[in-house]
Amino acid sequence: MIRKAPISMIMTTPVITLKKYDNLETAEHLFKLHHIRHIPVVDGDVVIGMLSYTDLLRLSFADVDMNDDDMSDVMVYNMFSIEQVMNRNIVTVSSSNSIKEVAELLASKEFHALPVVDNNALVGIVTTTDLIKYLLKQF
């Protein structure tokens, strides 16, 4: 294991993102298409929020029936905007932060994903899954 290894070694790039004006149906499609659980919401390259798949599940029955034609989800999604549902209290890390620092932050704050930001621009995302995969490679 490399001491002081930067998070840039394991972060995911490019990042799937949403804009605050995108709709929740688009968000659900991206979650399912890319098999991801967190999507940063951006204004240009600046992170303004984070939407998790769990946020959508709180609004709908998205995982109960994988039928994409379910109009009940669409109706619920049309009642809310991404801006209303996203988490605005974002903690970010820099690509130069060490993997250890980021792991400590994820563990202590009980986050599951953190946007990686350099010079106020989104450059990646790191998740607990990225950390687990990194640790598994060490064995």
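The values are calculated or read from the model by the stated rules, or taken from the named source; none is laboratory data. Fair warning: this is a prediction, and the values are worked out from it, not measured in the lab. Here the Cβ positions follow ideal geometry from the backbone for every residue, glycine too, while neighbour counts run over all protein chains shown.
Here residue 132 does not fit the description of being among the aliphatic types (A, V, I, L, M) and buried (at least 16 other Cβ atoms within 10 Å of the Cβ). A count restricted to segment 12-40 and to residues that are more than 14 Å from residue 130 (Cβ to Cβ) and touching a Phe, Trp or Tyr at 6+ places or on another chain (Cβ under 6 Å) stands at 3. When residue 62 is tested against the conditions (1) buried (at least 17 other Cβ atoms within 10 Å of the Cβ); (2) assigned to a loop (DSSP other than H, G, I, E, B); (3) modelled with pLDDT of 95 or more, the lone failure is (3). In segment 92-99, the condition of being on the phi < 0 side of the Ramachandran plot and at pLDDT below 95 is met by no residue.
Counting only residues that are part of a loop (DSSP other than H, G, I, E, B) and of a type in the set (D, E, K, R), which one in segment 11-43 is modelled with the lowest pLDDT? Going through the qualifying residues, I end up with 20.
Within the set 76, 102, the sole residue that is touching a strand residue (DSSP E or B) at 6+ places or on another chain (Cβ under 7 Å), assigned to a helix (DSSP H, G or I) and either at pLDDT 80 or above or farther than 24 Å from residue 127 by Cβ (or both) turns out to be 102. Cβ separations smaller than 6 Å between residues 6+ apart or across chains give the following pairs from segment 105-129 residues that are over 18 Å from residue 88 (Cβ atoms) and surrounded by fewer than 19 Cβ atoms within 10 Å (Cβ to Cβ) to residues that are modelled with pLDDT of 95 or more and hydrophobic (A, V, I, L, M, F, W, C): 123/116.
Scanning segment 11-36 for residues that are in contact (Cβ under 8 Å) with a residue 60 or more places away in the chain and touching a strand residue (DSSP E or B) at 6+ places or on another chain (Cβ under 6 Å) yields a count of 7.
Consider residue 83 carefully, then state whether it is among the acidic types (Asp, Glu), at pLDDT below 95 and farther than 21 Å from residue 129 by Cβ.
On the way: among the acidic types (Asp, Glu): yes; at pLDDT below 95: yes; farther than 21 Å from residue 129 by Cβ: yes.
It is true that residue 83 is among the acidic types (Asp, Glu), at pLDDT below 95 and farther than 21 Å from residue 129 by Cβ.
Could you list all residues from segment 89-101 that are under 18 Å from residue 37 (Cα atoms) and not polar (S, T, N, Q)?
Pass one, segment 89-101, residues under 18 Å from residue 37 (Cα atoms): 89-92.
If the condition is that a residue be under 18 Å from residue 37 (Cα atoms) and not polar (S, T, N, Q), then 90, 91 are the ones that fit.
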